[in-house]
Amino acid sequence: MAVAARKFEFEVLAASAGARRGRVHTGRGSYETPVFMPVGTRGTIKAALVGQVAEIGFEVILGNTYHLMLRPGADVVGAFGSLHRFTGWKRHMLTDSGGFQVMSLGAEYSENGARFRSIYDGSTHTVTPEEAVELQELIGADIQMVLDVCTMLPASRDKVERALELTHQWARRARAAKSRDEQAQFGIVQGGGELDLRAESAKFIAELGFEGHAIGGLAVGETREEMLAAIETSVEHLPDAKVRYLMGVGDPIGMLEAISRGVDMFDCVAPSRIARHGQAMTFEGKLHMKNLRYQRDPGPIEEGCPCPACAEYPRGLIRHLLNVGEPTAGTLLTLHNLTFMHRLIAKARDAIVAGTLGDLISDVRIAWDSAPNQVPEQ
Ligand SMILES: [Zn+2]
């Protein structure tokens with residue numbers, strides 16, 4: 001007799017001042033929260049091997065349905081049995097629904113679904129909420145996201161209201177379409193910067209019985225204060241017993257502030273994207289590694305960092321590789337920045353248990369908001 005897979009569950013291990021230190025249990029195993037999920041857009045983390053990403057300690061990565069459905073095609077991924085077999089990643093995976101990508105590419109929305117063009121060949125596609133579920137079930141990650149309508153901010157209240165109405169209809173349809181028990185499905189709260197709409201959306205989504213809840217439509221043009229107010233309102237109306245995921249936010253201060261408001265999961269392309277542009281994330285702030293000041297610097301990117309770049313290579317080499325366009329520079333900085341994110345999350349977990357998250361936030365804020373590190377010098 002087959003043993004039933006463990007139900008998707010969220011366990012709070014410790015809580016302090018609004019933040020939670022927790023653990024998510026799934027049919028695959030479990031992962032710790034708060035968690036940062038590196039983004040593997042097209043079936044790989046750019047410039048790094050999944051084995052290296054696992055070595056850093058990450059437990060969950062994200063795949064983009066928009067990209068995978070167009071290239072190589074969800075059916076092709078499905079032919080491998082799962083996204084895990086296709087990509088070589090052995091731990092947890094989450095796929096987004098493509099809602100954010102199609103919004104960025106100027107999708108047209110109707111009750112039926114989202115109509116958009118492929119960035120690969122310009123061909124037109126329509127995805128319905130049911131098809132987004134079907135595609136993600138075929139791709140086979142551990143967690144799938146519902147198709148939503150995201151709005152760039154600032155936006156008129158009318159526009160946000162229309163987007164919310166579709167998002168809610170589609171969430172209901174996506175929940176009804178879900179057929180794979182071993183896969184969790186998260187609903188997404190929208191509502192732009194309109195706090196009453198955020199509250200309405202959180203209440204609506206919480207009623208639909210999803211395994212987890214996401215807060216979407218943020219880090220799309222609003223200020224950090226507006227973002228935090230929208231998070232606070234959303235969290236207030238989402239049940240404590242379920243895991244909360246803030247989509248697309250991974251700047252160190254924004255992420256820590258969201259953790260202190262009860263968010264558990266994060267993803268962001270920035271750590272690996274800025275790495276490929278020569279920027280290193282450190283506990284002293286952001287460093288522009290192309291800077292002349294590093295030309296003869298024998299030290300590591302960051303003292304005390306356990307990443308392969310800091311263990312073996314001087315800043316002077318990283319600068320040189322960046323300046324001559326060697327792809328290895330992107331790999332080294334990607335491994336460093338992802339290691340920084342992992343260490344930051346580890347510190348946040350410890351700080352929640354110790355009740356010192358506020359101190360960690362002010363230290364990171366001082367380092368990251370201080371002017372000198374933010375200016376790209378040459
Ligand atoms: Zn490092």
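Some observations on this one:
- The set of residues from segment 55-72 being closer than 14 Å to I119 by Cα, in contact (Cβ under 8 Å) with a residue 60 or more places away in the chain and open to solvent by less than 20 Å² (accessible area, probe 1.4 Å) comprises T65, L68.
Condition check ((1) surrounded by fewer than 21 Cβ atoms within 10 Å (Cβ to Cβ); (2) part of a strand (DSSP E or B)) across all residues:
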position	(1), (2)
L13	yes, yes
R20	no, yes
A47	yes, no
V76	yes, no
T95	no, yes
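- Exactly one residue out of A174, A230, A219 is open to solvent by 50 Å² or more (accessible area, probe 1.4 Å) and either within 25 Å of A15 (Cα to Cα) or outside any strand (DSSP E or B) (or both): that is A219.
- Where R296 falls short, out of the listed (1) within 15 Å of the ligand (Cβ to nearest atom); (2) part of a loop (DSSP other than H, G, I, E, B); (3) of a type in the set (D, E, K, R); (4) open to solvent by 50 Å² or more (accessible area, probe 1.4 Å): (1)
- When every residue of segment 73-92 is checked against the conditions, at least one turns out to be under 18 Å from P129 (Cα atoms) and touching a residue at least 40 places away in the same chain (Cβ under 8 Å).
- Condition check for V146: touching an Asp or Glu at 6+ places or on another chain (Cβ under 6 Å) and at pLDDT 95 or above: no
- Qualifying residue in segment 280-289 (condition: part of a loop (DSSP other than H, G, I, E, B), under 25 Å from D363 (Cα atoms) and touching a residue at least 60 places away in the same chain (Cβ under 8 Å)): yes
- Scanning segment 301-317 for residues that are open to solvent by less than 30 Å² (accessible area, probe 1.4 Å) and near the ligand (Cβ under 8 Å from one of its atoms) returns I301, E302, C305, C307, A309, C310.
- So T95, is it within 20 Å of the chain's Cα centre (by Cα), closer than 25 Å to F210 by Cα and in contact (Cβ under 8 Å) with a residue 60 or more places away in the chain: no
- Number of positions in segment 274-293 that are touching a strand residue (DSSP E or B) at 6+ places or on another chain (Cβ under 8 Å) and more than 16 Å from the ligand (Cβ to nearest atom): 0
- Leading residue by the ranking (nearest to the ligand (Cβ to nearest atom)) among those in segment 323-352 that are crowded, with 23+ Cβ neighbours inside 10 Å and more than 30 Å from A15 (Cβ to Cβ): H336
The values are calculated or read from the model by the stated rules, or taken from the named source; none is laboratory data. In this text, all values refer to a predicted model and were calculated from it rather than measured experimentally. Methodologically, a virtual Cβ is constructed for each residue, glycine included, from the backbone with ideal geometry; neighbour enumeration extends over all protein chains shown. Each accessible area value is taken on the protein alone, full model and side chains, heavy atoms only, with ligands, DNA and RNA left out. Shrake-Rupley method; radii C 1.70, N 1.55, O 1.52, S 1.80 Å.
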